[in-house]
Every structure is written in C-alpha cells, then in structure tokens.
Amino acid sequence: QVQLVESGGGLVQPGGSLRLSCAASGRIASVSTMGWYRQFPGKQRELVATITSGGSTNYGNFVKGRFTISRDNAKNTVFLEMNSLKPEDTAVYYCNYRWAIVDYWGQGTQVTVSA
C-alpha cells in the first residue's frame with residue numbers, strides 16, 4: 001500500500017500562484033509515475049501533469065506552460081507549481097501514484113481561484 005498526503009491548496013486571486021505538494025509513503029517502488037489530476041463537480045478526473053521517477057513529464061493540454069511539475073525522489077514527493085491561475089482552474093486536485101497498473105490516490109485538495 002502507498003499513502004499520499006497532499007498540501008498547498010487554497011484560495012487565490014486570478015493571476016496568482018499556488019504550489020501543491022504530495023508526499024508518498026509506504027511500499028514505494030524505485031520506478032513509478034507521480035502526478036496530479038483535477039476534478040470538476042459532476043465530471044471525470046482529468047490529467048494535469050505527471051512525472052516519472054526518471055524525470056519525464058506529461059501535461060494536460062490546458063496547461064499551456066502555466067504549471068510545472070517536479071519531483072524529489074529522495075523524499076518521494078511531487079510538486080505542482082501553478083502560475084497565472086484562472087477561475088476555470090477551480091477544482092479539487094488529486095495526487096496520483098502509479099506503479100505498474102496500480103493507482104493510488106490522495107484525498108484531494110481544493111483549489112479555488114476567485115477575486
């Protein structure tokens with residue numbers, strides 16, 4: 001089992017920035033993918049960004065250079081730096097840890113972008 005603890009969500013004004021963190025613990029594999037997904041009410045989760053243990057990244061189409069994902073393998077922690085936030089970025093953001101075909105999810109953290 002893998003446990004994920006997220007932090008860093010909150011309320012921010014349009015154009016502002018937030019940094020999300022997610023620390024993994026438990027049965028951590030040397031090769032894995034960690035990332036962030038978000039979910040709007042009544043919708044399926046969508047990809048925000050992922051990063052492999054080797055540093056390869058993948059971003060959702062909507063990101064357009066506004067977000068940056070990074071990872072500290074020594075601390076089993078993934079970060080999401082979000083800049084130029086828009087009201088339409090308001091959602092619950094979930095941390096994901098994937099090893100082989102197994103997915104683990106964090107509890108979610110609310111990000112609200114509003115004036």
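Across the options 107, 69, 54, the greatest Cα extent toward the positive end of the charge dipole of the stretch 54-115 (unit charges at beta carbon of Lys, Arg, Asp, Glu) belongs to 54. Under 17 Å from a label point 7 Å along Cα→Cβ of residue 13: give me every residue in the stretch 82-101 with its amide N that close. The answer is 83-88, whose backbone nitrogens lie closer than 17 Å to the label point. Computed over the alpha-carbon atoms, the stretch 1-51 gives an Rg to Rh ratio of 1.02, Rh here being the Kirkwood radius from the mean inverse distance. Fully extending the segment from residue 105 to residue 73, taken as 0.36 nm per residue of separation minus the present Cα-Cα distance, adds 9.7 nm.
Roll a 1.4 angstrom probe over the protein heavy atoms and tell me the percent of accessible area of the chain that is carbon or sulfur. Provide the component values of the computation, followed by the final result.
Values: 3080 of 6150 Å².
Carbon plus sulfur share of accessible area: 50 percent.
One decimal place: the segment residue 39-residue 3 gains 11.0 nm when fully extended, by the rule 0.36 nm per residue minus the C-alpha distance.
Translational D (Stokes-Einstein, µm²/s) of the chain at 25 °C and 0.890 mPa s when Rh comes from the Kirkwood sum over C-alpha pairs? Present the calculation step by step, with values, prior to reporting the outcome.
Numbers: Rh = 14.1 Å.
Stokes-Einstein gives a translational diffusion coefficient of 174 µm²/s.
Placing a label point 7 Å from the Cα of residue 64 along the Cα-to-Cβ direction, the residues of the stretch 1-38 whose backbone N falls under 14 Å from that point are 15. Based on C-alpha pairs under 8 angstrom that are at least 6 apart in sequence, the chain has a relative contact order of 37 percent.
The values are calculated or read from the model by the stated rules, or taken from the named source; none is laboratory data. Keep in mind the model is a prediction, meaning the values are calculated, not measured. All Cβ positions, glycine included, derive from the backbone under ideal geometry; neighbour counts span all protein chains shown. The protein model used for the area step is the full one, side chains on, heavy atoms only, and it has no ligands, DNA or RNA in it. Shrake-Rupley method; radii C 1.70, N 1.55, O 1.52, S 1.80 Å.
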